[in-house]
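Visitor: After the structure tokens below, expect a handful of questions from me.
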Amino acid sequence: MKVSLANAMGTCFGVQDAIDLAMSSEFASDLTIVGELVHNPQVNEALKRNGVCLVAGIEDIKKIKTKKVMITAHGAAEKTKRLLDDAGFIVYDASCPLVMKVHQTIKSLVKKGYFPVVVGQKNHVEVKGIVGDLDDHLVINSEDDFRMIKDTGSRRLGIVAQTTQQADKVEALVEKIRALDYVDDVAFVNTVCQPTRDRQLAVHELANQVDLMIVIGGFNSSNTKKLARVCAEKGVEAHHIKSFHQLNQEWFIGKQHVGITAGTSTPEDVINRVHSEILNIAEKVEGMEKATLHS
Ligand code: SF4
């Protein structure tokens, strides 16, 4: 059984920079992270062990007991940052520059007179940050949401994407919006970030070669779920796991080639642990299959 790793996978620079900042000794148990820094349970546990406090979001501002607070790689609205500032916290901003680029892009589209539309998940912290400073906006995720476009009464749309969306899906959706008879003008900037695109391309390539894919990442990680979806769309059996504990030997029986990929918030040590466990399972399964052949 062959085991291959995707050419691009795991932690992106935005997430890694944010983790490094949160783990740095200067905070010495005096830091609260506002919102999940990364969608990865192992990283969040490591942060807690380091004395870092976590709160779900700005709505939990009253629960913050530290002097220092951190905005996550997913970014936040200026309004949120000001609220923290005004409450007297020292604010550390770990917003990924590629998320900040989306904030700037949508604001500049609004200035040009376009109605702002985000392709993404309405309740995702990144999307809440992107739209948080806008007077009006729409978040859409599929064709089912097109009726809301009509309801806005706006015929000129400025569209951006959540950075972890599936790039080709976003483009296809925007093409359909352009064709709507109640839309005159679409200014579209595809803001899916390069690290996400690299991981999506790598999983496409690897899915063409394997008969089983293991996708590693937190169950609430949007980009990890999309990697698994790419495999499902190609008809490749895929299992989304968050750690090696969830590997099941039965998945590997009869398989020739196993691929491994991971979302942008999955750390290297988690990937390495899964990889070495898969190599062990592959060896065991091959041994069992040989024994059956000779019996
Ligand atoms: S997924 Fe992209 S936008 Fe998000 S933190 Fe990573 S590099 Fe930045």
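Visitor: In percent, what relative contact order does the chain have, based on Cα pairs under 8 Å that are 6 or more apart in sequence?
Guide: 21 percent
Visitor: Out of the DSSP beta bridges found with both residues in the range 13-96, what percent are antiparallel (nearest 5)?
Guide: Expressed as a percentage, antiparallel bridges in the range 13-96 total about 0.
Visitor: Once you have a ≥ b ≥ c as the square roots of the Cα gyration tensor eigenvalues for the chain, tell me rounded if a/c is under 1.5, and otherwise prolate or oblate according to whether a/b is larger than b/c.
Guide: It comes out oblate by the Cα gyration axes.
Visitor: Moving on. For the range 10-55 and the range 275-289, what is the separation of their Cα centres, given in Å?
Guide: Distance between centres, Cα-based: 34 Å.
Visitor: Which shape class, rounded, prolate or oblate, goes with the range 109-230 when its Cα gyration tensor gives a ≥ b ≥ c as root eigenvalues, a/c under 1.5 marks rounded, and past that a/b bigger than b/c marks prolate?
Guide: Because a/c hits 1.5 or more and a/b exceeds b/c, the range 109-230 counts as prolate.
Visitor: Under the Karplus relation 6.51 cos²θ - 1.76 cosθ + 1.60, θ = phi - 60°, what is the ordered set of whole-Hz ³J(HN,Hα) values for the range 228-235, x standing for Gly and Pro?
Guide: Values per residue, Gly and Pro as x: 5, 5, 4, 5, 4, 5, 8, x Hz.
Visitor: With +1 on each Lys and Arg Cβ and -1 on each Asp and Glu Cβ, how big is the dipole of the range 13-96 about its Cα centre, in debye rounded to the nearest 20?
Guide: For the range 13-96, the charge dipole is close to 280 debye.
Visitor: For the chain, modelled as a Gaussian network with Cα springs under 10 Å, which listed residue fluctuates most, 247, 83, 157?
Guide: 83
Visitor: Work out the charge dipole of the chain with +1 on the Cβ of Lys and Arg and -1 on the Cβ of Asp and Glu about the Cα centre, then indicate which of 258, 16, 55 is farthest towards its positive end.
Guide: About the Cα centre, the residue reaching furthest to the positive side is 55.
Visitor: Using amide H atoms built 1.01 Å from N in the peptide plane, name the residues 5+ places from residue 242, or on other chains, whose amide H lies under 5 Å from its own.
Guide: Sorted by chain and number, the residues that satisfy this are 217.
Visitor: Search the structure for amide H atoms under 5 Å from the amide H of residue 31, placed 1.01 Å from N in the peptide plane, and list their residues when 5 or more places away or on another chain.
Guide: Correct list: 53.
Visitor: Compute the acute angle (0 to 90°) between the alpha-carbon long axis of helix 97-111 and the principal axis of greatest extent of the alpha-carbon atoms of the chain; round to the nearest 10°.
Guide: It is inclined by approximately 40 degrees.
Visitor: Ok, one more. So how do 193, 53 line up by other beta-carbon neighbours within 10 Å, fewest first?
Guide: Listed from fewest to most nearby Cβ atoms, that is 53, 193.
Visitor: Then there is this: Given R₀ = 45 Å, what would the calculated FRET efficiency be for residue 5 paired with residue 62, taking r from the Cβ atoms and rounding to 0.05?
Guide: My answer for the efficiency is 0.50.
Visitor: Would you calculate, for the chain, the mean residue ellipticity at 222 nm contributed by helices, counting each DSSP H stretch of 4 or more residues as -39,500 (n - 2.57) and dividing by all residues, to the nearest 500?
Guide: Roughly -13000 deg cm²/dmol at 222 nm, from the helical runs in the chain.
Visitor: For each of 216, 130, count neighbouring Cβ atoms within 10 Å of the residue's Cβ, then give the residues from fewest to most.
Guide: So the residues, fewest neighbours to most, are 216, 130.
Visitor: I need the shape label for the range 225-295. Rule: rounded when a/c is under 1.5, else prolate if a/b > b/c, else oblate, with a, b, c from the alpha carbon gyration tensor.
Guide: Oblate, because a/c is 1.5 or more while a/b does not exceed b/c.
Visitor: In whole Å, how far is the Cα centre of the range 142-163 from that of the range 83-133?
Guide: One Cα centre to the other: 18 Å.
Visitor: Going by how many other beta carbons lie within 10 Å of each one, how would you line up 243, 24, fewest first?
Guide: In order of increasing Cβ crowding within 10 Å: 24, 243.
Visitor: Any chance you could run the full-extension gain for residue 50 through residue 189? It's 0.36 nm times the residue separation minus the Cα-Cα distance, nm to one decimal.
Guide: Here the answer is 46.1 nm.
Throughout, read-outs are computed from the coordinates displayed, never taken from laboratory work. Treat the numbers as computed from the prediction; the structure is a model and nothing was measured. FYI the Cβ positions are ideal-geometry reconstructions off the backbone, even for glycines, and counts take in every protein chain you see.
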